[in-house]
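Student: The structure's right below; bear with me while I get my questions together.
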Amino acid sequence: MPQNPPLPLKVLTLLLPLCLATEFSWAQDETVLEPIEVSASTPTQDGVIQRDDLINRQAQNLRDIFVADPEISVGGGGNPISQKMYIRSMEESLLNLSVDGALINSKVYHHQSALILDPQLIKQVEVEKGTASASAGPGALGGAIRYETVSALDMLRPGQQLGGMLTGSAFSNEGWRSSASAYGKIGTQVDALLSATTMQTRDYQAGNGQTIANTSTEQYNYLAKLGVQLTEQQRLSASFQRSSDEGIRTARANMVGFAHPVLPNDAIPQSLARDTATLKYQGQQLGWLDGLDATLYRSEVDSERTSKTGRTWGETLTTTGADVLFKQAISEHLLKYGLNWREEKSAANQIANPFGLTGNGREEMSVLGGFVEGELHFNTITLTGGLRYDDYSYTDNHQQQFNSDGLSPSASVRWQATDALQLRAGYAKALRGVGLKEAFMLDIAQWKNNRQIEAEEADNSELGFVYQQGGLSLNGNVYRQTIDNFITTFSCPSSRGGCRGNLGSATIDGYELAAQYRWGDLSLGLSVADSRPELDGRKFNDGDLGLGVSTGRTWVSRLAYQLPAQGLEMGWLGRFVESLDYQPIGTKTEQTKAGYGVHDVYISWKPWAKETLRLNLAVKNLFDQHYYDQATYAYNGWQGKVLGYPEPGRDVRLEASWQF
């Protein structure tokens, strides 16, 4: 497998002059820009996952990041490369996923995630559920997830100019991780960070003690950031982030049990790498403008596999884009508007063409969109509305051209009924034009687009409430989500490999309720979520790739207790999923997805007064439960067996971190 340099100097060399070429005056005092916020024009139960929570839980992968949210499921087993995330039963491919503002949307190889990222490098994760607001960008049918990585300003302690951090971890099930970071400020205007992490795991054990073959992995993650405070009101920052994963795993990395006489599922070397570079400008109080955010980004994802016969092949996906956001305060009201542009190119490398014509093995698409979104305050009533327009252009691997465009409105109302109670309602619509196939499909067969493909459209209607009184917090919502003209591949007589076109309409009805109570240093939480997804009148099954999956009602309970004088924090999290009856793919009889309950605990200790040393113990799956996550592609009726991977059994994780 090709080895790329961990921090390509050519990228940093390009970004650095862009930072320094801008005219600016040096600020005399360090200034941290305060963001101007405009609430999204959807009333969803959105949330933010903070770095401290990820560190306490010793998060390693997608499941660890989102385990505390009952509306998010992560299937695929314990290998990070085979995991897929679902929000309200909708697959991650229906979301807008971004790292530091760089969108990574299209699919490379359907058994692999295109987004691998070390949770230790994350500052926070913003989750926008349901059809997203106008400012979330084009094509956010099921919502948006925005990952933000750490910077030097996040890591430096008060009064510190230079610093570093070393971290080492060991896992009983089974592997280790290490990381090193260096960061600092040059004067009061320039800050920089370099960070690197390595994680290596061996084949893990399921809850029944069985060792799951071909699940070992090597991951490397690197992050470089440079920030320049141009003036008191302006900041320019550049970042480069690289993540890579390598291992020997089955060709279908999420299906250990798959067997087929023509399509082998051999264990073969596979790798996935992503390079992402961003350049950001943030300004406030710029004459008549109250705020201006601009982001330029480029990301490249490379997937590679080597077969038993010695053939090496894979895919490349390159995304280039730019976003501009203007913010304006008008009296007590708020307004924001802007433009989004994105271009994506995919290619299959070394086409084998085993089943007929595959075209030229390359595709490209672009989208240009604009939006306006505002918030109006009238005493106890807040009205929020947005409108965006997107224009898509797509050329497929058979040189067919497609154009899609349309408007996406959104609106919501929030009523502060009492000091403690807020009621809200809203509606949002999103359009995603015809775009790239999964890059893997450019190689294996004559998967050809129907000429009459229509753009996908999503609608989301919600009712919700928030109640806060003293240490008690309650919130909840009910929603109906629809997705029309879902685009996927299916068999058809006109093409030897298959056709790609509109399959039908999906409807998802659901709700979420959450309660939290804080009493001094003790906090308690309980939440429940349930969604009922249907495609043309039937429940989603595990074979609805690119669309979603059906899971049972999910409960999450949390408890955390702090002893500040001793530098101790401890917590427990339980995730409980009820059983579900559904009809698996390949059979007309119903099966039951078994329910399960999994318990995680942690204790974090900072023994020194300056909190420079942190010792952490976390135990995942405390009672060694053997189970298949219900979001995993499990039972297959055609083969009459479970294809997917079980989740890892008990895992004791020990970590020490020294910040200096």
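None of the figures in this text is laboratory data; all of them are computed from the coordinates on show. Keep in mind that what you see is a predicted model, and the values were worked out from it rather than measured. For neighbour counting, all protein chains shown are included, and Cβ atoms are generated from backbone atoms with ideal geometry for every residue, glycine included.
Student: Hey, can you grab everything whose amide H is under 5 Å from the amide H of Gly543? Only 5+ residues off in sequence or another chain; H modelled, so Pro and N-termini drop out.
Tutor: Answer set, sorted by chain and number: Ile585.
Student: Let me ask something else. What's the whole-number percent of alpha carbon pairs in segment 178-252 lying beyond 22 angstrom?
Tutor: On the way: 1352 of 2775 pairs.
Percent of Cα pairs beyond 22 Å in segment 178-252: 49.
Student: At a Cα cut-off below 29 Å, give the lysines reachable from Lys606, other chains included and same-chain residues fewer than 8 away excluded.
Tutor: Straight-line reach from Lys606, under 29 Å: Lys123, Lys185, Lys225, Lys620.
Student: For the chain, with only Lys/Arg (+1) and Asp/Glu (-1) charged at the beta-carbon, what is the dipole magnitude about the Cα centre, in debye rounded to 20? It would help to have the intermediate numbers written out before the result.
Tutor: Values: 57 positive and 74 negative charges, 254 e Å.
With only Lys, Arg, Asp and Glu charged at Cβ, the dipole is about 1220 debye.
Student: Assuming R0 = 41 Å, can you tell me the calculated FRET efficiency for the pair Gln468 and Glu218, based on Cβ-Cβ distance, to the nearest 0.05? Let's see the in-between values first.
Tutor: Numbers: r = 46 Å, r/R0 = 1.11.
For R0 = 41 Å, the calculated efficiency reads 0.35.
Student: What number results when the radius of gyration of segment 437-546, computed over Cα atoms, is divided by 2.2 N^0.38 Å? Write out the running numbers ahead of the final one.
Tutor: Values: Rg = 21.0 Å, N = 110, 2.2 N^0.38 = 13.1 Å.
That works out to 1.60 for segment 437-546.
Student: Along Cα→Cβ, 7 Å out, is where each label goes; now give me the distance between the ones at Asn360 and Ala656 in nm to one decimal.
Tutor: 5.8
Student: How many angstrom separate the Cα center of segment 387-456 from the Cα center of segment 288-341?
Tutor: After rounding, the separation between the Cα centres reads 16 Å.
Student: For the chain, what Kirkwood radius comes out of the mean inverse Cα-Cα distance, in Å?
Tutor: Details: mean 1/r = 0.0387 Å⁻¹.
Evaluated over the chain, this radius sits at 25.8 Å.
Student: Calculate, axis by axis, the spread of Cα positions in segment 266-411 along the three principal axes, and write the results as whole Å, longest axis first.
Tutor: Cα extents, longest axis first: 70, 29, 29 Å.
Student: Go ahead and run the numbers for FRET between Thr395 and Cys492, Cβ-Cβ distance against an R0 of 25 Å, rounding to 0.05. If you can, show how the numbers build up before the last one.
Tutor: Numbers: r = 22 Å, r/R0 = 0.86.
So, using R0 = 25 Å, E works out to roughly 0.70.
Student: Let me ask something else. Suppose R0 equals 51 Å; then what is the FRET efficiency for Phe378 and Trp605 from their Cβ-Cβ distance, rounded to the nearest 0.05?
Tutor: Details: r = 50 Å, r/R0 = 0.98.
Given R0 = 51 Å and the Cβ-Cβ separation, E is 0.55.
Student: Once every DSSP H run of n ≥ 4 in the chain is given -39500 (n - 2.57) and the sum is divided by its residues, what mean residue ellipticity at 222 nm do you get, rounded to the nearest 500 deg cm²/dmol? Present the calculation step by step, with values, prior to reporting the outcome.
Tutor: On the way: 5 runs with 32 residues, N = 660.
For the chain, the value works out to -1000 deg cm²/dmol.
Student: Right, something else. Size of the dipole of segment 590-660 about the Cα centre, Lys and Arg at +1 and Asp and Glu at -1 on the beta carbon, nothing else charged, in debye to 20? Could the numbers behind the result be given before it?
Tutor: Numbers: 8 positive and 8 negative charges, 47 e Å.
Its charge dipole is roughly 220 debye.
Student: Among Tyr635, Val577, Gly546, whose Cα lies farthest out toward the positive end of the dipole of the chain, if unit charges sit on the beta carbon of Lys, Arg (+1) and Asp, Glu (-1)?
Tutor: Ranked along the dipole, the leading option is Tyr635.
Student: Can you list the residues of segment 193-216 with backbone N under 15 Å from a point 7 Å past the Cα of Leu162, pointing along Cα to Cβ?
Tutor: The answer is 193-194, whose backbone nitrogens lie closer than 15 Å to the label point.
Student: Report the one residue of Asn502, Leu193, Leu615 whose Cα lies farthest in the direction of the positive end of the charge dipole of the chain (charges on C-beta: Lys and Arg +1, Asp and Glu -1; origin at the Cα centre).
Tutor: So the residue we want is Leu615.
Student: Stokes-Einstein D for segment 569-634 at 25 °C, 0.890 mPa s, Kirkwood Rh over Cα pairs, in µm²/s? Intermediate results must be reported in sequence, preceding the final value.
Tutor: Working: Rh = 14.9 Å.
D, rounded to a whole number, is 165 µm²/s.
Student: Could you point to the residue in Met85, Thr131, Thr215 farthest towards the positive end of segment 83-220's charge dipole, with +1 and -1 charges on the Cβ of Lys/Arg and Asp/Glu respectively?
Tutor: Thr131
Student: Taking only the alpha carbons of segment 236-313, what extent do you get along each of the three principal axes, in Å, biggest first?
Tutor: 68, 21, 16
Student: Using the crude model of +1 on Lys and Arg Cβ and -1 on Asp and Glu Cβ, and no other charge, please compute the dipole size for segment 183-342 relative to its Cα centre, in debye to 20. Let's see the in-between values first.
Tutor: Details: 16 positive and 16 negative charges, 33 e Å.
Magnitude of the dipole: close to 160 debye.
Student: Now, a different point. Using alpha-carbon positions, what is the distance between the centroids of segment 128-143 and segment 56-109, in Å?
Tutor: 16
Student: In nm, to one decimal, how far is the Lys308 label point from the Leu617 one, both placed 7 Å along Cα→Cβ?
Tutor: According to this spin-label approximation, the distance is 4.6 nm.
Student: Bin width 10 Å, alpha-carbon pairs only: give the P(r) of segment 353-494 as whole percents, running from 0 to the bin holding the largest distance.
Tutor: P(r) for segment 353-494, in whole percents per bin: 10, 28, 24, 17, 13, 7, 1.
Student: Let me ask something else about it. Taking K and R as +1 and D and E as -1, what net charge do the other residues with C-beta under 10 Å from the C-beta of Arg500 add up to? List each step's numbers first, then the result.
Tutor: On the way: positive: Lys437, Lys448; negative: Asp396, Glu438.
Overall, the nearby charge balance is 0.
Student: On to the next question. Under a straight-distance cross-link criterion of Cα-Cα below 25 Å, which lysines are reachable from Lys437, leaving out those fewer than 8 residues away in the same chain?
Tutor: Those lysines meeting the cut-off are Lys84, Lys107, Lys129, Lys345, Lys429, Lys448, Lys539.
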